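Here the structure is laid out as structure tokens; the discussion comes afterwards.
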Amino acid sequence: MSYLRHRVLALETPILLSLILLLVTFVAPSAGLSIENRAIVMLINVALVVGLYSFAGLSGVLTFGHMSFMGIGAYAGALVTIPVVAKGSLLPDLPGFLANAEVSLPIAILIGGGLAALFAAIISLPIARLPGLALSLAMFAVLIICYQVEANWDSLTRGRQALLGVPTNTTIWVALATAIGAMFVVFAYQQSRFGLRLRAAREDEYSAAATGVNIVRERRISLVISGALIGVVGVVYAQYLGVFTPNDFYLDLTFMTIAMLVIGGTRSLTGAVIGPMLVAVLTYTLQQGETVTGPGLQQVGLAIVMVLVLVFRPSGLTNGKELKLSTVVTRFRQGRADRNGRSSETDKAMTAVE
Amino acid sequence: MLEVQDLKVSYGRLEAVKGISFTINQGECIGLIGPNGAGKTTTLNAIAGVLKRSGGSIAFEGEKLPNQAPEATVRRGISLVPEGRRVFQGLTVEQNLRLGASIRSDKEIDSDIEAMKKRFPALEKYATTRAGSLSGGEQQMIALARALMARPRLLLLDEPSLGLAPLIVDQVFELVDQLRSEGITILLVEQNGLRTLELADRSYVLQGGRIAMSATGAEDFAEVEKAYFGAEDSNAVAKETAND
């Protein structure tokens, strides 16, 4: 029993976060279709930003190119799920093996995630060697390349025209499962020795190297894991949209996901989950405001919030802390002890992080 | 055990270490002393593989060490305790220790962590606390314990007493002495010349990237001091030439 309790406590953070998302999933549909759709997009964004966090957050190197994995996942997933009949008219020049492929969503997820992971592994060979800013910019270059390929490979993607006929398999429960799955995978990675080494390099590259951490290898592993996750999210997102273009995985999304991560906090999984949730509420509110101000308020408002967070709370709203009941309880007890006029001996315990 | 032959290290066009040779035997504690900018830390970093050497060779236990390959160097049994501690501030004390065992995959890592906590009681007390929130002395203990987690045979210590209260400095030197008696070979870089001369089996005085003299004990201190002053003079000359 105590073993079970220990295991549950070790997974406290993703369990609590899952419960919050579960609550959203239960409540949202009762508020109407529009809110349900927003909840689906929010859940997908949680999975997406958690995937982004598994590289950018844990390594401390911001990336402007991870949405390329999403595009790869989306197109790969769509091409193997669009009904064969529809493909005949939509994409007449498709190679035979793709033209005749029609698989279920789980298989599509495996294919999309696997292909994105493979792509991440290949580009990681040169890119993981680059130092901080160069890596960020190289990833941006990867994004541009992927976008141009998607926008011009007409026989495979229909180019700039929308790809239609993608089966809409993504219900709110599929989105929830994707978000929860991503959270547990990334949490396990973060707590593993691989994740620990990557975080060590984030804290101090010199010390990490001197301790024997192979920083390039750890970044490579992280690129593949984040690539696979974001590829999977791409498949799921495409099956929500049903119709999409290369623009859906380009600059707007790159900016949005980075803003979500920065607002929530780049240094904790909780931040990567809370960020998209807050941004969802914020964009909804701003969109309501757009009826008065005209279009653009949403983007401007989000950018302003991001700047405010960067100025007043540079490590994001969660400030590197994970959501934990034990921390809340400790804080509560300390508050009570302080009120009783006792000096707090729990000062150092409060800074406990894990 | 360690053989450094004509070691040269450059930062761009500036040659910081200009051909240093020395040997360390199994079980010895060797001191490297000298003023700021003498090349002590650079030498240590080159041995640890964190810095690239531009010339010369380093052999450990009879085998040449690859150039600038810190992971391989740690695997061979050489661990560095960096100047200024440089613990992983945002990670817990225990995570810092676990990271010290990055190159290991055996089953004794957990028991080694427990052993370190017994050895350094502060680490036990603050095991789940962020390392960055501890005092300088405690962080020095973390840095040492982290390096020991790799089970090194040669320990490179870079100014372990820097910025610590005198009482803590005593503890650090005691600890170094203890580690030596446990059979760990030690290369100690220090500005605290006298303490190092007292502790080390042999010390080298570095000056302007070269070994100016070697000393064996506190009785050589007067001579060592002279070498120090010599270094300051040559620094002054270097500054003047730079200004020109």
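The values are calculated or read from the model by the stated rules, or taken from the named source; none is laboratory data. Please read all numbers here as calculations on a predicted model, not as lab measurements. A quick note on method: Cβ atoms are made from the backbone with ideal geometry, for glycine too, and the neighbour counts reach across all protein chains shown.
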Within the range A:220-243, does at least one residue satisfy the condition of being farther than 29 Å from A:Glu150 by Cα and among the basic types (Lys, Arg)? no
Residue check, B:Val50 against (1) over 20 Å from B:Ile186 (Cβ atoms); (2) within 14 Å of chain A (Cβ to nearest Cβ), all met but one. Which one? (1)
Can you report the number of residues in the range A:290-337 which are more than 24 Å from A:Leu253 (Cβ to Cβ), among the aliphatic types (A, V, I, L, M) and touching a helix residue (DSSP H, G or I) at 6+ places or on another chain (Cβ under 8 Å)? 2
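From B:Glu174, B:Glu94, B:Glu108, B:Glu124, which residue is acidic (Asp, Glu) and assigned by TED's automatic domain parsing to the domain that holds B:Ala200?
Numbers: B:Glu94 fails: assigned by TED's automatic domain parsing to the domain that holds B:Ala200; B:Glu108 fails: assigned by TED's automatic domain parsing to the domain that holds B:Ala200; B:Glu124 fails: assigned by TED's automatic domain parsing to the domain that holds B:Ala200.
One residue alone meets the criteria, B:Glu174.
Which count do you get for residues in the range B:98-112 that are of a type in the set (Gly, Ala, Ser) and in a helix (DSSP H, G or I)? Steps first, please.
To start, the set of residues in the range B:98-112 that are of a type in the set (Gly, Ala, Ser) comprises B:100-102, B:105, B:111.
From what is left, the residues that are in a helix (DSSP H, G or I) are B:100, B:111.
Qualifying residue count for the region: 2.
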Out of all the residues in the range A:263-282, is one or more surrounded by fewer than 21 Cβ atoms within 10 Å (Cβ to Cβ), away from chain B (no Cβ under 14 Å), touching a Lys or Arg at 6+ places or on another chain (Cβ under 7 Å) and not in a helix (DSSP H, G or I)? no
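Here's the yes/no breakdown for (1) of a type in the set (Ser, Thr, Tyr); (2) touching a Phe, Trp or Tyr at 6+ places or on another chain (Cβ under 7 Å):
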{"position": "A:Val213", "(1), (2)": "no, no"}
{"position": "A:Ser226", "(1), (2)": "yes, yes"}
{"position": "A:Gly231", "(1), (2)": "no, yes"}
{"position": "A:Ala238", "(1), (2)": "no, yes"}
Where B:Thr128 falls short, out of the listed (1) of a type in the set (S, T, N, Q); (2) assigned to a helix (DSSP H, G or I); (3) within 7 Å of chain A (Cβ to nearest Cβ): (2)
Which condition number does B:Glu61 fail, the rest of (1) out of contact with any helix residue (DSSP H, G or I) (no Cβ under 6 Å at 6 or more places or on another chain); (2) touching a residue at least 40 places away in the same chain (Cβ under 8 Å); (3) closer than 17 Å to B:Arg153 by Cβ; (4) within 14 Å of another protein chain (Cβ to nearest Cβ) being met? (4)
Out of (1) more than 14 Å from chain B (Cβ to nearest Cβ); (2) more than 30 Å from A:Leu105 (Cβ to Cβ); (3) crowded, with 21+ Cβ neighbours inside 10 Å, what's the single condition that is false for A:Ser222? (2)
Among residues belonging to the range A:184-202 that are among the aliphatic types (A, V, I, L, M) and either outside any helix (DSSP H, G or I) or more than 14 Å from chain B (Cβ to nearest Cβ) (or both), point out the one that is farthest from B:Ala131 (Cα to Cα). A:Val185
If I ask for residues that are touching a residue at least 60 places away in the same chain (Cβ under 8 Å) and either within 14 Å of chain B (Cβ to nearest Cβ) or out of contact with any helix residue (DSSP H, G or I) (no Cβ under 8 Å at 6 or more places or on another chain) (or both), which ones from the range A:162-183 would you list? A:Ala162
Of (1) over 26 Å from B:Gly62 (Cβ atoms); (2) at pLDDT 90 or above, B:Leu162 satisfies every one except (2)
Among (1) crowded, with 23+ Cβ neighbours inside 10 Å; (2) basic (Lys, Arg); (3) more than 17 Å from the chain's Cα centre (by Cα), there is one condition B:Lys40 misses while meeting the rest; what is its number? (3)
Looking at (1) under 26 Å from A:Val24 (Cα atoms); (2) touching a residue at least 12 places away in the same chain (Cβ under 8 Å), can you tell me which one A:Gln334 breaks? (1)
Residue match in the range A:103-111 (condition: in contact with a Leu (Cβ under 6 Å, 6 or more places away or on another chain) and surrounded by 14 or more Cβ atoms within 10 Å (Cβ to Cβ)): no
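Give B:Ala222, B:Ala218 a once-over and let me know the one that is within 30 Å of B:Arg119 (Cβ to Cβ), modelled with pLDDT under 90, not hydroxyl-bearing (Ser, Thr, Tyr) and not assigned by TED's automatic domain parsing to the domain that holds B:Gly137. Quick ask: steps written out before the conclusion?
Details: B:Ala222 fails: within 30 Å of B:Arg119 (Cβ to Cβ).
Unique residue meeting the criteria: B:Ala218.
Of everything in the range B:149-190 that's touching a strand residue (DSSP E or B) at 6+ places or on another chain (Cβ under 7 Å) and among the polar types (S, T, N, Q), which residue is nearest to B:Pro35 (Cα to Cα)? Give the derivation first.
Our first condition is that a residue be touching a strand residue (DSSP E or B) at 6+ places or on another chain (Cβ under 7 Å); within the range B:149-190, this holds for B:150, B:152-161, B:176, B:179-180, B:184-190.
Next, only the ones that are among the polar types (S, T, N, Q) stay: B:161, B:185.
Numbers: B:Ser161: 15, B:Thr185: 24 Å.
Going through the qualifying residues, I end up with B:Ser161.
Quick check on B:Lys118: is it more than 21 Å from B:Val176 (Cα to Cα) and not hydrophobic (A, V, I, L, M, F, W, C)?
Details: more than 21 Å from B:Val176 (Cα to Cα): no; not hydrophobic (A, V, I, L, M, F, W, C): yes.
When the stated conditions are applied, B:Lys118 does not pass them.
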Considering the range B:66-92, residues that are more than 8 Å from chain A (Cβ to nearest Cβ) and under 15 Å from A:Asp204 (Cβ atoms), and then whichever is surrounded by the fewest Cβ atoms within 10 Å (Cβ to Cβ), we arrive at B:Gly84
Matching residues in the range A:98-147 - criterion: being touching a helix residue (DSSP H, G or I) at 6+ places or on another chain (Cβ under 8 Å), of a type in the set (Ser, Thr, Tyr) and over 18 Å from A:Leu251 (Cα atoms): A:Ser124
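Sort through B:Arg151, B:Arg180 and tell me the only one that's closer than 29 Å to B:Glu3 by Cβ and assigned to a helix (DSSP H, G or I).
Details: B:Arg151 fails: assigned to a helix (DSSP H, G or I).
Answer to the check: B:Arg180.
Take B:Ala38 and decide whether it is more than 30 Å from B:Leu194 (Cβ to Cβ), of a type in the set (Gly, Ala, Ser) and in the same structural domain as B:Ala215 (by TED's automatic domain parsing). Break it down into steps so the answer makes sense when it comes.
Values: more than 30 Å from B:Leu194 (Cβ to Cβ): no; of a type in the set (Gly, Ala, Ser): yes; in the same structural domain as B:Ala215 (by TED's automatic domain parsing): yes.
No: the conditions fail for B:Ala38.
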Condition first: surrounded by fewer than 19 Cβ atoms within 10 Å (Cβ to Cβ) and under 22 Å from B:Gly27 (Cα atoms). Can you find one or more residues in the range B:221-228 that meet it? no
Residue satisfying condition, being at pLDDT 85 or above and either under 30 Å from A:Leu143 (Cα atoms) or among the charged types (D, E, K, R) (or both), within set A:Val292, A:Val281: A:Val281
Unmet requirement for B:Asp106, which otherwise passes all of (1) more than 7 Å from chain A (Cβ to nearest Cβ); (2) at pLDDT 90 or above; (3) surrounded by fewer than 20 Cβ atoms within 10 Å (Cβ to Cβ); (4) more than 12 Å from B:Ala150 (Cα to Cα): (4)
